[in-house]
Every structure is written in C-alpha cells, then in structure tokens.
Amino acid sequence: MTDTIADLQLQHLDRLERHYAEVLSRLGYDGVLIYSGHPARHYGDDQFASFQAYGHFQHWIGQAYLAFSWLLIRPGHTPVLYLHAPDDFWHLPARLPDEAWTERVDIVEGRFEVPPALPHGRLAVVGDVSATRAESMGAEANPPALLVALDEGRVRKSGFEVACIGEANRQAMAGHGAAHDAFLAGGAELDVQLAYLKASRQREGEVPYGNIVGINEHGGVLHYQHYDTTPPARRHSLLVDAGHRFRGYCADITRTWAGPQADASFPALVEGVAGLQQRLIAGLRPGTDYVELHGHMHQGLAALLVEHGFVTSSVEAAVATGITRAFCPHGLGHLLGIQVHDVAGRCTADGTPLPAPADHPALRLTRELEPGMVVTIEPGLYVIPMLLNPLRQGPASRDVNWHNVDRLAPHGGIRIEDDLLITVNGAENLTREAE
Ligand code: GLY
Ligand code: MN
Ligand code: MN
C-alpha cells in the first residue's frame, strides 16, 4: 500500500528531527529558533508587499505564508510553533490546516512581532533577524556553519517533498494547458496569465515566482515581468514560465508555443529545443557533472543553430566563439525545492564554494547529481538584441546568418523546462508525469 501524504510528512519530520539533532550536536548548539519572517511595508504607506516564509521554516511545516511566527527546535523536545495569530477585526487571524503534522508540534498562539522568550542554553536564531536583535534574545544570528548544514539538509528530498513537488507540477500543468488555450483564443498576456491562475487555482501573490508570460519578442526577455492588456496584431509565439507551490514546494515549468502568425520554421525550432531537452534529461543520473551537462546543452544548441541555418560555421566553432552564449545566457537549470532556485547549488556538502565557470556565470548548479536531488532542465534559445548586437559587430559575425536571426526575432525565444527527480539509476520526470 502506498503511503498517504500525511504518512510521508510524518516520516519527513522524523528525518528532519534526526538531521537537526546531528547538526546541532556537531556544532554545539542546544537548539535553534527559526523565524518565518514578515512582509515588507511600502515606504510611507500602510500596505504590504506579498510575502513568503523563510525556507527553513517551511521545511518543517510546509506553511508558506505564516508571518511573524517562530519555530523552536531542541533535540529531545517537541518542536514549538509560536504562531502569530493576534485578535484582529481587520483581518482573519492565521489558522493552521487540519494536517497530521500539527500533532507533532506544540502550538502557542499569540502576538509574536516580539520574539518569544528562549530557554537557557546555547541557541541560534535563523532567518531575517539582525545580530543585535538575536543578541538581545541571548542567541546567535544565522551562524554560517549552521546555515550550510541546514541548507545541505534540503538538497536530497524526502518522499514527502517529492510528492509535494509532484502535486505542484500537476496543478501547474493544468495552468499551462489553460494558458495555451487562452493564447489560441486570441488572448493578451494578461488573459493568458489570468487563465493560468484560474486553472492552477492560485492567486498572483502566492505563486512561487512571478509568472513569465511573453508573447512575441517578450519571450526573449528572460524574466519578463509585465502582462500586456491588449493582444498584439500579429501573434508569433507564446512563452510561459510558471509554477505552483504545494505545502511549500515549487514547480517550475516552461512551455513555448507557436502562434498563428509564426514563421513556418518556428515550430521545427521549438521541436528541436524540446528534443535537445529530452536528450539532456537522458543524461541525468547519480554522478552526472551538471557543469558538463550544461556544456552539452551548448553543443546541442550549436547543432540546432547550424541545422536551422542560423550559424554557418561548425558546431565546435559556434561554442568556442561564444555564439551559443549570446543565444542562451542562462544556465541549464538549478536545484528545485522550497525555493524555486533552491539552496546549496553552488557548494559542496561541507559548504566549500563551487563557483560557476567564469564564462557561464548564470549557472546556478555546479555540483554532481545525487539521488533525491530535484533539478530543472531548461534549455533555451533566444533573440536578445543586447547580446546579439555585440556579436553582430565582432569577428564571429560572419558565422551568423543575420537574415534568419531577424526572421526569428519577432518570436522572442524558446525555453522548455521540466522538473526531474534524480533516482538511483536515472531520473524521473515529475512534469511529464503530471501531464
Ligand atoms: N522560473 C525561473 C527559472 O526557470 O529559473
Ligand atoms: Mn527554472
Ligand atoms: Mn522557470
């Protein structure tokens, strides 16, 4: 019989308790207080920005939006959740869901803009807390060695975490289908965004990252952040990069579609990027060097650029001269979990930095893959004038067919992104399983 999500979450808590006990004892702490954080107030106003709780707080209880709340972890003691839920007739006070984990923590409700009193002992406080405030509480703020160890505890996902990312993918994929339909029906970016939110059942302030909904050239703006309210006269393409959050855990998915006025060559290029993505996914297994796989992405992009008539030199030359970097300045992907760009992607398990290669500074994952990691694989190919103009003026310009690049430009770009669990002998595609 398969475990329910409640069973899996209880097993996840057992694992967390063991990990925190080991880490705290190794580093000589009696306990750690985790602050959920609080939303920023607009300057000179009484309105607040949207908010999501600190990752290590979510790691225990999966509550992404609890503000001014604290979780005290002391090995050998039941965790204590200080839940900020003041009486308030302007707002609905915070309430916890009816989930099994609530039986595993002591819950103290009250006002906690001021932190709770701490027990005696050597304690750390982690989260958005200043050193001065921590000192006044008798605790150390954000000790680096502790943060490294706690981050590392998020790298290999538990069964519960994988189930949550799977569910986030299912809800996100419902949104992607509806987004495509809204585009085909002639919608503007805002219509596509609203269709996505409706089908994936989430409000805009609670998405794990700002949905990227780019029609035409906007698909070439990597983190495009606006939603045009009127549809363009001609619709060449749509790129949607949008996710979901389930009990704290994120989906991060991108799809690109041809529009009714797409150039006849565009669907084949989208298919080419999708095929490259599948070949890169086939290279995922424990021990895979992600930096090397990122290099394979550039080889594959170069092959596509040559095959589709954008580049006239060899594949090797297109990579060596930096042509592929101008067409794709971002990394192959990143760790995924409570944060869309999850922690510890650029260091070893003991926190030794593993910086990205100098000519690929945007690569967010530089470590070897291990079972339990969840990563994205997201090759992309874009027309970004800011990057292509210097290429056009440099020596490699003669290797580029600019006529074809200019025909591609109104389509903005292509990105195909899935979320993958590394297993003992390969990878499981959590996004395709959710289709
Ligand atoms: N959605 C941001 C990214 O794909 O990394
Ligand atoms: Mn991503
Ligand atoms: Mn993405």
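All of the numbers you see were taken from the coordinates with simple rules; none came from a lab. Treat the numbers as computed from the prediction; the structure is a model and nothing was measured. For neighbour counting, all protein chains shown are included, and Cβ atoms are generated from backbone atoms with ideal geometry for every residue, glycine included.
Summary of computed values
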| item | result |
| --- | --- |
| Bridge type composition, the stretch 66-197 - antiparallel percent by DSSP, nearest 5 | 25 |
| Most mobile listed residue (T423, T230, T288) in the chain, GNM with C-alpha springs under 10 Å | T230 |
| q = 0.13, 0.20, 0.25 Å⁻¹, the stretch 194-288: log10 I(q)/I(0) [Debye, one scatterer per Cα] | -0.57, -1.10, -1.28 |
| Debye intensity ratio I(q)/I(0), log10, the stretch 342-435, q values 0.11, 0.15, 0.24, 0.26 Å⁻¹ (C-alpha model) | -0.53, -0.83, -1.21, -1.32 |
| Nearest-ten-degree value, helix 290-307 long axis tilted from longest Cα axis of the chain | 20 |
| Cα pair distances of the stretch 147-234 binned at 5 Å [whole percent] | 3, 13, 19, 20, 15, 11, 9, 6, 3, 1, 0 |
| DSSP bridge orientation in the stretch 1-149 - percent antiparallel, rounded to nearest 5 | 40 |
| Length-normalised contact order for the stretch 155-198 - Cα pairs under 8 Å, 6+ apart - percent | 35 |
| At most 11 other Cβ within 10 Å, DSSP loop - chymotrypsin sites (Phe, Trp or Tyr not before Pro), the stretch 13-96 | Y43, F89, W90 |
| Listed peptides 327-334, 316-323 by packing density, highest first (mean Cβ within 10 Å) | 327-334, 316-323 |
| Ratio of the Cα radius of gyration of the stretch 253-296 to 2.2 N^0.38 Å, where N counts its residues | 1.49 |
| Charge sum, other residues only, whose C-beta stays under 14 Å from E189's C-beta, Lys/Arg counted +1 and Asp/Glu -1 | -4 |
| Mean Cα-pair separation over length for the chain, i.e. relative contact order, pairs under 8 Å, 6 or more apart, % | 15 |
| Fraction of beta bridges assigned by DSSP in the chain that are antiparallel (%, nearest 5) | 75 |
| Rounded tilt (10° steps) of 159-184 against the dominant C-alpha axis of the chain | 40 |
| Segments 123-133, 108-118 sorted - mean Cβ within 10 Å per residue, highest first | 123-133, 108-118 |
| Part-to-part distance (alpha-carbon centres) for the stretch 289-332 and the stretch 334-351, which is given in Å | 25 |
| Solvent-free Debye scattering, log10 I(q)/I(0), computed from the Cα coordinates of the chain at q = 0.06 Å⁻¹ | -0.29 |
| The chain - mean residue ellipticity at 222 nm from DSSP helices (-39,500 (n - 2.57) per run, n ≥ 4, rounded to 500) | -10500 deg cm²/dmol |
